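The values are calculated or read from the model by the stated rules, or taken from the named source; none is laboratory data. In this text, all values refer to a predicted model and were calculated from it rather than measured experimentally. Backbone-built Cβ (ideal geometry, glycine too); neighbour counts: all protein chains shown. These accessible areas exclude ligands, DNA and RNA; they are computed on the full protein's heavy atoms, side chains included. Shrake-Rupley method; radii C 1.70, N 1.55, O 1.52, S 1.80 Å.
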Amino acid sequence: MGEFFSDNCDNILTVSAVNRYIKEIMSRDLILSNLWVRGEISNFKYHSSGHMYFTLKDENCSLKCVMFRTYNLHLKFMPENGMKVIVKGYISVFERDGQYQLYAEEMQNDGIGDLYIAFEQLKRRLASEGLFDPAHKKKIPFMPRTIGVVTSATGSVIRDIMNILDRRFYNSYIKIFPVRVQGETAALEISHAISKLDEIGGVDVIILARGGGSLEELWPFNEEIVARSIFNSSIPVISAVGHETDYTIADFVADLRAPTPSAAAELVMPEKVTIINRIRELNVRMVDALQRNVKQKRDMLKKLADSVVFRQPYDRIYQERMKLDILNRDLKKSMFASLERAGSKLGFLIGKLDALSPLTILSRGYGIIKLEEKGIFVKSVNDVDVGEGIEVSVKDGRLYCTVRKKELNDD
């Protein structure tokens, strides 16, 4: 202690020395070096370094806390603001800030089990990601040829499943992938088994099974790694974990939940005798339907055979032939009438054309006059001069004349 205190007033301590001294005092205190503290979490921060910083508070006071990554890796749940917890650790001083705080080493939920909290937190997170969405559920095949079973190699579960499948439909083929269903390595083994069956192929459906147990014993089926393996499997997965009242994360992600392993075997494979009876029933119904159909067709055939078409098959042809003769006659009559009308119209037009023909005019004593040298038709006395030669066309020839005199008509 002489390092810190002296009768010499000139021995002034630094801030660092004071904080270090206080830290040493706290470290020697039996209560502060190992204590449990109950409180409510606030100001929670999960740093990128992996450390957790938060405050524990009650109705009167608050206490700064830190939980380093080394310790929080073992937590079964994620701390949240407002959560009531019990924290084990020790009180010490953070020398740089001169601030004392609780260095947490363990954390338990105050009132609700840690595993239950972890279950609810993972359930909410996976649900928000859509892993429970019915749209992603794959259809369980009817009468699968090969069934993969992921469960313990020992115990009654595998024997129950095999007995039920053999009793219901002994033709099915079972591939057993033995895994641990309890303990620290169980979740990893289960996840590996599902992924391996999916990779190998040749399996139509997977049954993930385990008998009943406590929440701790069933915990491997609540691990995120198992949930994601089920979701990523291209093969439909039936979850049959625990008893009917037991629910795990695997149940929510799986394509189908069975209340028990035995129920899973009954769901995945129908009874052979039931299928045989159903086939027989369908066969009887098919024969009855065929017989009714044949009878209907026979009745229809008899009706057709008794119809006029079959009794007098050529009658319709004769009727149509007579209609054709009538149409042919009417067509000829119409054509002749049209030709007659066209001939009359043509004669009328020829008459009109003949009446306007210059030759017809010449036959009535008229002539056509034109200048002999110029070839211009004479329409007026002014078109020709006295002494000029003209050509006069008459009915049967031409006259070549010389104009001796001309005179105009009096108007």
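Each residue, Glu281 and Glu216, gets one label point 7 Å from its Cα in the Cβ direction; the gap between the two is 5.0 nm.
Working from label points 7 Å from Cα in the Cα-to-Cβ sense, the Asp385 to Glu59 distance is 15.3 nm. The magnitude of the dipole of segment 50-200, with charges of +1 and -1 set on the Cβ of Lys/Arg and Asp/Glu and taken from the Cα centre, is near 840 debye. Within a Cβ distance under 12 Å of Ile235, other residues only, what is the Lys/Arg minus Asp/Glu net charge? Taking every other residue near Ile235 into account, the sum is 0.
Extending 7 Å from the Cα toward the beta-carbon at both Ser48 and Arg96 defines two label points whose distance is 1.6 nm.
Overall, the chain carries a charge dipole of about 3560 debye about its Cα centre when +1 sits on the Cβ of Lys and Arg and -1 on the Cβ of Asp and Glu, all other atoms neutral. Round to a whole angstrom and tell me the spacing of the C-alpha centers of segment 337-411 and segment 294-330. Segment 337-411 and segment 294-330 have Cα centres spaced 74 Å from each other. Scaling the Cα radius of gyration of segment 129-176 by the globular reference 2.2 N^0.38 Å produces a ratio of 1.45.
Candidate cross-link partners of Lys88 among the lysines, defined by an alpha-carbon separation under 22 Å and a same-chain spacing of 8 or more, comprise Lys23, Lys45, Lys57, Lys64, Lys76. The local environment of Gly347, defined by Cβ-Cβ distances under 15 Å, has a net charge of +1 under the rule Lys, Arg +1 and Asp, Glu -1. 3J(HN,Hα) along segment 194-208, derived from phi through the Karplus expression 6.51 cos²θ - 1.76 cosθ + 1.60 where θ = phi - 60°, amounts to 4, 5, 5, 4, 5, 6, 5, x, x, 10, 8, 7, 10, 9, 9 Hz, with x in place of Gly and Pro.
Between amide H atoms placed 1.01 Å from N, distances below 5 Å from Ile207 occur with Gly148, Val149, Val150, Ile238, all of them 5 or more places distant or on a separate chain. Estimated at 0.36 nm per residue, the fully extended path between Gln291 and Met78 surpasses their Cα-Cα distance by 69.7 nm. Among the GluC sites (Glu not before Pro) in segment 267-365, those placed in a DSSP loop whose Cβ has at most 15 other Cβ atoms within 10 Å are Glu271. On a straight-distance basis, which aspartates and glutamates could pair with Lys345 in a cross-link, Cα separation under 15 angstrom, same-chain partners fewer than 8 positions away excluded? Straight-line reach from Lys345, under 15 Å: Asp354.
Quick check: from the Cα gyration tensor, does the chain come out rounded (a/c under 1.5), prolate or oblate? Because a/c hits 1.5 or more and a/b fails to exceed b/c, the chain counts as oblate.
Helical runs assigned H by DSSP (4 residues or longer) give the chain a calculated mean residue ellipticity at 222 nm of -13000 deg cm²/dmol, each run adding -39500 (n - 2.57) before division by the residue total. As a length-normalised measure over Cα pairs under 8 Å and 6 or more apart, the relative contact order of the chain settles at 9 percent. Before anything else, pin down the relative contact order of segment 224-342: Cα pairs under 8 Å, at least 6 apart, normalised by residue count, whole percent. It comes to 14 percent, rounded to a whole number. Toward the positive end of the charge dipole of the chain, with +1 on the Cβ of Lys and Arg and -1 on the Cβ of Asp and Glu, the farthest Cα among Tyr21, Asn222, Ile158 is that of Ile158.
Taken about its Cα centre, segment 42-89 carries a charge dipole of roughly 160 debye when the Cβ of each Lys and Arg holds +1 and the Cβ of each Asp and Glu holds -1.
Taking chymotrypsin sites (Phe, Trp or Tyr not before Pro) across segment 305-403, the ones in a DSSP loop with at most 14 further Cβ atoms lying within 10 angstrom of their Cβ are Tyr314, Tyr366.
Once you order the gyration tensor axes a ≥ b ≥ c over the Cα atoms, which shape class does segment 257-338 get: rounded for a/c under 1.5, otherwise prolate or oblate by comparing a/b with b/c? Verdict is oblate for segment 257-338. Shown for segment 185-263: the carbon plus sulfur share of the solvent-accessible area, taken with all protein chains present and a 1.4 angstrom probe, equals 54%.
What's log10 of I(q)/I(0) for segment 68-146 at q = 0.20 Å⁻¹, Debye sum over Cα points only, no solvent? Relative scattering, expressed as log10 I(q)/I(0), comes to -0.97. Summary of the geometry: segment 90-153 and segment 62-85, compared by the centres of their Cα atoms, lie 15 Å apart.
With protein chains left intact and a 1.4 Å probe, residues in segment 212-320 average 63 Å² of accessible area per residue. Once the Cβ-Cβ distance between Ile350 and Asn409 is put in as r, and R0 is 51 Å, what FRET efficiency do you end up with, to the nearest 0.05? The calculated FRET efficiency here is 0.90. A dipole drawn for the chain from +1 and -1 charges on Cβ atoms has a positive end, and of Val403, Thr146, Ile174 the residue lying farthest that way is Val403.
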